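K.L.:
Mind looking over this structure? Questions follow.
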Amino acid sequence: MMHDFAITENFVVIPDQQVVFKLPTCFGKSPVKYDGEKVSRVSDTFCFHLWNAWESPETDEVVVIGSCMTPADLIFNECDEQLNSMNLEAGMVNRNFLGRKTRYAYLAIAELWPKVSGFAKVDLSTGEVKNHFTRVRTDGEDDGYIMSFVHDEESWKSELQIVNAVTLELEATVKLPSRVPYGFHGTFVNSADMVNQA
C-alpha cells in the first residue's frame, strides 16, 4: 500500500511495506492490514507518513525521515506492550526545505487514533523534543507557523489554532462554526504564505 512518498534532488522514495489495503475484509474494521507473508526490503517496519528525505554526500545515502513503527503488526493487532515514549505522527517540515537536509520536524502528539493532544517540535540533529504550544524573528528554517484544527469533545467546540513554529506558543485562535473531522493533515507556512492568504 502506498500512502505517502518523499523526494530528494535526484530520487523519489516510495515505501515498500508489509501493510496492505484489503477493503473486502474490513466490514466494520480497518481496511488497512499487516501482511506478514508479504516480502519487504525493510522488514517489520511501517511508515505511513514521510516528513522529508535528502541525499547525504558524505555517506552516499538517501536519508528518509518519517513516522516509523516497529514491528508493524503491533499497530493493527492488540498488544500488551507498555510504551513509555511519546507517539508522534503526521510530521511536517518547512516545505521550502523539502528534498534537502532539515533540522526541525513538527508533529502531532497522537493519542488513540484519530485523536491528537498537542504539537511537538523535534530537533532531528539532537533528538530533543519540545512539546505543547514572543515571536523571535530569525528567518531560519523554523521561522513560520503551525496551524491546526482543535476540537473539545466535552464542549463540542472547535477552533483553528495558530502556533509559533519557533517557540511553540499559541499566537491566535479562530472559533469555528462547526467541527472539522479528525484526521485532516497539516502543512507548514511562513510569513509570506500567511500574507498571500489574506
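Just so you know, all these numbers are worked out from the coordinates, no wet-lab data involved. A quick note: this is a predicted structure, and the numbers were derived from the prediction, not measured.
K.L.:
When the Karplus curve 6.51 cos²θ - 1.76 cosθ + 1.60 is applied with θ = phi - 60°, which whole-Hz ³J(HN,Hα) does each residue of region 141-151 get, with x for Gly and Pro?
P.N.:
Those phi angles translate into 4, 9, 7, x, 9, 10, 10, 9, 7, 10, 10 Hz.
K.L.:
Also: Just to check I understand the Karplus step: with θ = phi - 60° and J = 6.51 cos²θ - 1.76 cosθ + 1.60, what whole-Hz values come out for region 100-110, glycine and proline as x?
P.N.:
So the Karplus estimates, Gly and Pro as x, are 10, 4, 10, 9, 10, 10, 10, 9, 8, 7, 8 Hz.
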